[in-house]
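Values in this text are rule-based calculations from the coordinates and carry no lab data. Note that the structure is predicted; figures quoted are calculated from it, not measured. Don't worry about glycine lacking a Cβ; one is built from the backbone with ideal geometry, like all the others, and counts go over all protein chains shown.
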Amino acid sequence: MALQKFPLMGLLMLLTIFVSPATADGPVCPPSTKLSRASFPEGFLFGTATAAYQVQYRFP
């Protein structure tokens, strides 16, 4: 008889989790700033650091 109560308790716990309201007081993520190529210094080469890292340590 005791083993038959455990599935019922599990079902009640799942229902409680899904039915309970989940609210947030504010935005979950803070607002972010826009990133553009203009924010980098002139002459900045994109992608060179990754390529140099791969060649230096011989990653495929």
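What the table shows:
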quantity	calculated
Ordering of 10-17, 39-46 by burial proxy (mean other Cβ atoms within 10 Å per residue, highest first)	10-17, 39-46
Inter-label distance, nm, simple model (7 Å from Cα along the C-beta direction), F18/S36	4.7
